Amino acid sequence: MSDNVQQYITKTQADYARCIDDDRLEEWPNFFHGPCLYKITTSSNYRDGLEAGIVFANSRGMLSDRVSALRDANIYERQSYRHILGQPSIISKEGPMVRSETSFLVARILQDGDTSIYATGRYFDLYEIADEAAKLNERTVVCDSSRIDTLLALPL
Amino acid sequence: MNKIVLPPNESSPASWPEGLTRVPYWVFQDQKIYAEEQRRIFQGPNWHYLALEVELAEAGDFLTTQVGDTPVIVTRDSDSEIYAFENRCAHRGALICLEHRGKHRKDFSCVYHAWNYDPQGNLTGVAFKDGVKGKGGMPDSFKMEQHGPRKLRIAILHGLIFGSFSEDVPSIEEYLGEEILTRIERVLGGRTPVVLGRFTQVLPNNWKLYMENVKDSYHASILHLFFTTFELNRLSQKGGIIVDESGGHHVSYSAIDPDAEKDVEYAKQQLRSESEYKLADPTLLQGFDEYHDGVTLQILSVFPTFVLQQIQNAIAVRQIVPRAVDKTDLNWTYLGFADDTPEQRLTRIKQGNLVGPAGYISMEDGCVGGFVQRGIAGASDERAVLEMGGAEAKSSESRVTESSVRGFWKAYRANMGL
Ligand code: FES
Ligand SMILES: [Fe+2]
């Protein structure tokens, strides 16, 4: 069972990363289920227990709003990401609910071709395992650095 | 990014145009100007935001920050007073403190040769001062009290700690003036702030381009679709601009005015901001009446690099730190208050989506400065045009004005002798 859990989570995370990197952002909110929470913060804020995020969403509506704002409202230069994910570590398991931690590295590619390491950090996730799949309920993105280059438009 | 910028031909006081409506682009590009700013503005007779008093709540608390290029340590000593001194060892100049913040600190010891300082910045110990076995050591003429990092003067205002390297800076009250003081008090007076988060946005532009942006009420409803669509800020709303006597400080504010909603001026201009955009989860913008004066937005700046923000219930202080001619750190500290209910706290955190590096309205301010910095490359001798709302740097009921941007340049030139 726990081998499978690991596999389910790995698959969900790979799909999640491809979704963003392929610029299918409209599908991104569908990765979240139930009482969803998505937050981007920094490791020092996380360690100090500071509540605010760089991005904070506690409904799927707020996630959709992020995407439509990026498409229709916000001004920024075109850019894309390449997510490189580590293996998920299972932190805890209670019935179908599984907590995991996964390292990520995100490179950002700007329209002039400049590619740089934009963020490294960890995903702290809460998954619900059902129907042989891991569904994401909560994702807290904890960036290692508290410095964000210029702006954070696309989700991490 | 690391381009070699050709030195401007005309970066001299003589080439600064008359009046306040033209700004030569070399002022954002010139290495000599950057160095001169460090001397005249950041070391000069101005007050610089250092930290919040609540971040140094107990004796022994300390943190490190910057005043321009200069690293600074801020402490609360056992006498409960706040002190600040340059984070530079009096021996050979190493950083005295490498940590960002911490607690229970009774002294600071330089890692290089262990010279030791008390929390007020006095040199209290020199390793091997008397030599070893009667050999070596400091000469008798060396007096510890004659050596130490430079100390800053401190002023505390509604929980904001300001510091200055200058002996000539007037009191903070005199420096800010009545109107600015009142508007700081409006947001922070008599309340205990709580830090909700800290983030740094690295801006690809000169620090002055960010300060211009903060003072530029003209762009707000054009660049930021969010402001307009959700009636956070329209130039047609009730509001105004306050520019202080020096020009350097400003307040821009607006109040909800339902009559202005369907203002024809906006339709006429055919702006992008007249779109059909709607939020799927409008709770983001459902705030609470915090100040009972109808003002939903108040952006306040203190010369040279401090901003206090109220955007609905998203309260934050912003500290702007120049890093290079074309690089700036924008330090955000999001605030709540000790007496917030859980619902109010959640509202502030949700509205945090409006500001910071990913802010629906602030992410754009993070990149427009870079657009200007890149746009003016190769045009050092050209000038910006600041004629919106006239030629003066005065308070105004209209926010369709560049009055406070001109005010910034008035104060800047007075500081720089330009
Ligand atoms: S540089 Fe600090 S003790 Fe020598
Ligand atoms: Fe703006």
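Which value results when the Cα radius of gyration for the range B:7-163 is divided by 2.2 N^0.38 Å?
My calculation over the Cα atoms of the range B:7-163 gives 1.33.
Give me P(r) over the protein assembly as shown, computed from all C-alpha to C-alpha distances, binned every 20 Å, as integer percentages.
Final binned percentages: 19, 50, 27, 4, 0.
Of B:K32/B:K238; A:K135/B:K278; B:K238/B:K327; A:K11/B:K327; B:K215/B:K327, which sit over 31 Å apart, Cα to Cα?
From B:K32/B:K238; A:K135/B:K278; B:K238/B:K327; A:K11/B:K327; B:K215/B:K327, over 31 Å: B:K32/B:K238; B:K238/B:K327; A:K11/B:K327.
Quick one: check the C-alpha center-to-center distance for the range B:106-183 versus the range B:50-71, whole angstrom.
13 Å
Averaged across A:99-106, how many Cβ atoms of other chains sit within 10 Å of each residue's Cβ atom?
Partner-chain Cβ atoms within 10 Å, mean over residues of A:99-106: 0.
Identify the GluC sites (Glu not before Pro) of the range B:86-194 meeting these criteria: DSSP loop state and at most 15 other C-beta atoms within 10 Å of the C-beta.
B:E99, B:E167
Using a 10 Å cut-off on Cβ atoms, rank the peptides B:307-320, A:142-155 from the highest mean neighbour count down.
B:307-320, A:142-155
Subtract the Cα-Cα distance of B:D69 and B:A255 from 0.36 nm times their separation in residues, and report this length gain in nm to one decimal.
63.2 nm
Using the C-alpha gyration tensor of the range B:152-192, what are the square roots of 5 times its eigenvalues, in whole angstrom, with the largest one first?
20, 13, 5
Within a 10 angstrom radius of each residue's Cβ in B:199-208, how many Cβ atoms of other chains show up on average? Whole number is fine.
Partner Cβ neighbours, averaged per residue: 4.
So how far apart, in nm, are the two label points at B:E145 and A:D22 if each is 7 Å from Cα heading toward Cβ?
Roughly 7.5 nm, to one decimal.
Between A:Y76 and B:L95, what is the spin-label point distance in nm, taking each point 7 Å from the Cα along the Cα→C-beta axis?
For A:Y76 paired with B:L95, the spin-label model returns 2.8 nm.
Within the range B:18-59, name every residue whose backbone N is under 15 Å away from a label modeled 7 Å from Cα of B:S78 along the Cβ vector.
Label zone hits: B:59.
How big a patch of accessible area, both sides summed and in Å² to the nearest 100, lies buried between A and B at a 1.4 Å probe?
Accessible area lost upon association: around 3200 Å².
Given the rule -39500 (n - 2.57) for each run of at least 4 DSSP H residues, summed and divided by the residues of the protein assembly as shown, what is its mean residue ellipticity at 222 nm, to the nearest 500 deg cm²/dmol?
One gets -6000 deg cm²/dmol as the mean residue ellipticity at 222 nm.
Along its three principal axes, how long is chain B when you only count alpha carbons? Whole Å, largest extent first please.
The Cα atoms of chain B stretch 87, 58, 38 Å along their principal axes.
Within 10 Å of each Cβ in peptide B:23-32, how many partner chain Cβ atoms are there on average? Round it to a whole number, please.
Mean partner-chain Cβ count within 10 Å for B:23-32: 0.
Between beta-carbons, use under 14 Å as the cut-off and find the net charge around A:K93, counting Lys and Arg +1, Asp and Glu -1.
So the surrounding residues net to -4.
Count the net charge of all other residues whose Cβ sits under 13 Å from the Cβ of B:N213, scoring Lys and Arg as +1 and Asp and Glu as -1.
In short, -2.
With Cβ to Cβ distances under 13 Å as the rule, what net charge do the other residues near B:L203 carry (K, R +1; D, E -1)?
So the surrounding residues net to 0.
How big is Rg to Rh over the range A:1-150, alpha-carbon atoms, Rh as the Kirkwood inverse-mean-distance radius?
0.95
Using only the alpha-carbon atoms of the range B:295-344, report the extent along each of the three principal axes, biggest first, to the nearest angstrom.
Answer, in whole Å and largest first: 43, 21, 13 Å.
Can you run the Rg to Rh ratio on the range A:103-156? Use alpha carbon positions and the Kirkwood inverse-distance Rh.
My calculation of the ratio gives 1.09.
Please compute the modelled spin-label separation between B:V54 and B:T341, points set 7 Å along Cα→Cβ, answer in nm with one decimal.
According to this spin-label approximation, the distance is 1.9 nm.
Per residue, what accessible area does chain B have, given a 1.4 Å probe and all protein chains present, in Å²?
42 Å²
How long are the semi-axes of the ellipsoid equivalent to the range B:351-405, from square roots of 5 times the Cα gyration tensor eigenvalues, in whole Å, largest first?
25, 22, 6
Give the value in nm², to one decimal: projected area of the alpha carbon convex hull of the range B:131-199, averaged over all directions.
9.5 nm²
Straight distance only, please: which lysines reach the Cα of B:K133 with their own Cα at less than 23 Å, same-chain residues fewer than 8 apart left out?
Once the sequence-local lysines are set aside, what remains near B:K133 is B:K143.
For chain A, what does the accessible surface come to per residue with a 1.4 Å probe? Please give it in Å².
That works out to 45 Å² per residue.
Would you mind listing how long the range A:1-83 runs along its three principal axes, going by Cα atoms, in whole Å with the largest first?
Cα spread of the range A:1-83 along its principal axes, largest to smallest: 46, 34, 25 Å.
Tell me, in nm to one decimal, what length is gained between B:F128 and B:Y112 on full extension, where the rule is 0.36 nm per residue of separation less the Cα-Cα distance?
So the extension gain works out to 4.4 nm.
When chain B is modelled as a GNM with alpha-carbon springs shorter than 10 Å, which of B:T283, B:T328, B:T192 fluctuates the most?
B:T283
Looking at the range B:25-113, I'd like the Rg to Rh ratio, where Rg is from alpha-carbon atoms and Rh is Kirkwood's inverse mean 1/r.
Expressed as Rg/Rh, it is 1.05.
Given a 1.4 Å probe and every protein chain left where it sits, what share in percent of the accessible area of the range B:334-418 is carbon and sulfur?
52 percent
Using the Kyte-Doolittle scale, which helices in chain B average at least -1.0 and also have C-alpha atoms spread 18 Å or more along the helix axis, with helices defined as whole DSSP H runs?
Result, helices passing both filters: B:362-375, B:403-416.
With no solvent and one equal point scatterer placed on each C-alpha of the range B:319-418, evaluate the Debye formula and give log10 I(q)/I(0) for q = 0.16, 0.20 Å⁻¹, two decimals.
-1.02, -1.24
The values are calculated or read from the model by the stated rules, or taken from the named source; none is laboratory data. Values in this document were obtained by computation on a predicted structure and should not be read as measured data. Using ideal geometry, Cβ is built from the backbone for each residue, glycine included, and neighbour counts are taken over all protein chains shown. Just so you know, the surface numbers come from the protein's heavy atoms only, side chains and all, with ligands and any DNA or RNA stripped out. Shrake-Rupley method; radii C 1.70, N 1.55, O 1.52, S 1.80 Å.
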